[in-house]
Amino acid sequence: MADSASQLQTQIEIKRSHQEKELANLPIITFPETQGQESHKAKAPFFKSRGRKRGTDTWVISVFVILHVVAFAATMAVNDCWRNSHGDCALKMLGRLSFQPVSENPLLGPSASTLDQMGALRQTFLKEYHHTWRLFTCPWLHAGFIHLILNLGCTVLAGIHLEKEFGPVRIGIIYIFSAFVGSLAAALFVQNSPAVCASGSLFGLLGAMLSGLIRNWNFYTDKSAAIVLLFFVSTINFAIGLLPYVDNFSSIGGFISGFLLGFTLLFTPQTRIVAHSKAGIFEHNVKSSINFKLKLDRPIMRSVSLLFFVLVILGFLAAVLQGLNISQYCKWCKYIDCVPSKRWSCNDITTNCEVILFVVILAHQFM
């Protein structure tokens, strides 16, 4: 009996040793949660988000671009330089869609009277005839083909990235509100010459991109390149605003709106995990400090940014409805909107045919 018991125990020990060897040879499995935690520690490039990208995420920007193109085509069709200007046009081969002479519109676009007819801002329309509906039409107008191509190209560059990163709903909200705030800012400085405000929505996207970059600063690796690109795009488009008909104050208003709405709406959750890897010498207290920062950050930053945005839009709206025009008190502000040159005019003088058409437009509005 003792021999059989010892043999049985020996067999059990042999089987146990074989099982231990088999377990030691098995591959180590890493669970997805662990992989996600390790991957989130690495920072991401600003213009290459690791977030979920869907093919339909860019439909909002696409719709806005199409609407702008349609509005410009309709403006040029109404302009009809070949007939209204008796063939004195640029690029005559385009026929009805040909542009006004470069001396009249250096951006290759319609005449001032056509912009008035399509809904551009003008001091007379706002102050004397109270055409507040122009606040909603001027953001869809472009001063010329050059303005259209440059504006929409930069809109696609900034908007597609933001829409993939944060979704179409939030970017659509920023785009629409920035366009409206931009038109309100333009109305506070508008001269007695037509002004279009299509750049307000673009600068709203640029402002939102800047606030999103600041908000998620620790998450991105190419921050300097992103800032240089933002500065370059803003400078080029602001320089276009120094030409006739393009309103630079709408760009300033749109940028302020987008910057505030960016802090309100654009939050990237990956930055929370990155923050855990930046403990440094305060490693023992990093978890509690991060949780406390998140509790403060989410309600306070959003609430303060939203409060400032509401104050800005209500203040601008009240000033416009009261008929306030800051350009009467700021003589040098007109140079922010248009720089005079021998090749174009920034004054309020219009030709005789434009005066006649201007009167016809007014008469048509009140018939």
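Brief remarks follow.
- Any pair with Cβ under 7 angstrom, 6 or more apart, that starts in the stretch 67-78 at a residue that is free of Cβ contacts under 8 Å to residues at least 60 places away in the same chain and ends at one that is open to solvent by less than 20 Å² (accessible area, probe 1.4 Å): Met76/Pro110; Val78/Thr114
- Residues that are free of Cβ contacts under 8 Å to residues at least 40 places away in the same chain and of a type outside the set (Gly, Ala, Ser), drawn from the stretch 135-168: Thr137, Ile149
- Residues that are farther than 22 Å from Leu148 by Cβ and in a helix (DSSP H, G or I) were ranked within the stretch 222-256; the one that is modelled with the lowest pLDDT is Lys223.
Quick grid of which residues meet (1) hydrophobic (A, V, I, L, M, F, W, C); (2) modelled with pLDDT of 75 or more:
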site	(1), (2)
Gly315	no, yes
Val320	yes, yes
Cys333	yes, yes
Phe366	yes, no
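- The residue pairs whose first member lies in the stretch 80-95 and is free of Cβ contacts under 8 Å to residues at least 60 places away in the same chain and within 15 Å of Ser111 (Cβ to Cβ), whose second member is open to solvent by less than 80 Å² (accessible area, probe 1.4 Å) and in a helix (DSSP H, G or I), and whose beta carbons are closer than 6 Å, counting only pairs six or more residues apart or on different chains, are Trp82/Gly95; Cys89/Cys81.
The values are calculated or read from the model by the stated rules, or taken from the named source; none is laboratory data. Remember, it's a predicted structure, so these values are computed and weren't measured experimentally. Positions of Cβ are generated from backbone atoms using ideal geometry, with glycine treated the same way; all protein chains shown enter the neighbour counts. What goes into the accessible areas is simple: the full protein's heavy atoms, side chains included, and nothing from ligands, DNA or RNA. Shrake-Rupley method; radii C 1.70, N 1.55, O 1.52, S 1.80 Å.
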